[in-house]
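A quick write-up on the structure given underneath.
Quick note: the coordinates plus some simple rules give every number you see, no bench work behind them. Please read these numbers as outputs of a predicted model, since none were measured by experiment. For neighbour counting, all protein chains shown are included, and Cβ atoms are generated from backbone atoms with ideal geometry for every residue, glycine included.
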Amino acid sequence: MCECEEGKCNCSNECNEQSCGCESECRCCEGECSKLDMLLYMAKGAKMELLKEKMKERLEAAAGKNLDKAADLIVEALLEQYKAEGDLSKKKLELSEKLDKIFSED
């Protein structure tokens, strides 16, 4: 995707009008965008952010309670995973220390 920032067009795709978010006036291959290109790109981004916020509001109204329950379960599972990983790290360290002790006795 192409991003216009600070007068520069940072394209990660091949340079062409279809892949460039800066539209046809962007000089991707030259590495520069006009101020108008940058402002239009920013406006498109703002529109997408606004649309995303509106969708979030709709989802909250329609399914907020169920999504809250799902989020609670997912967060709980993640915290349990972190705890298990910490316990496993401690067990590995203990095992490593015991092995070191065994092999240092020779």
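Can Ser104 be described as of a type in the set (Gly, Ala, Ser) and over 32 Å from the mean Cα position of the chain (by Cα)? Answer is yes for this residue.
Contact annotation: residue pairs with Cβ atoms under 8 Å, 6 or more positions apart or on different chains, pairing a residue in region 67-82 that is under 16 Å from Lys56 (Cα atoms) with a partner that is assigned to a helix (DSSP H, G or I), are Leu67/Leu59; Leu67/Glu60.
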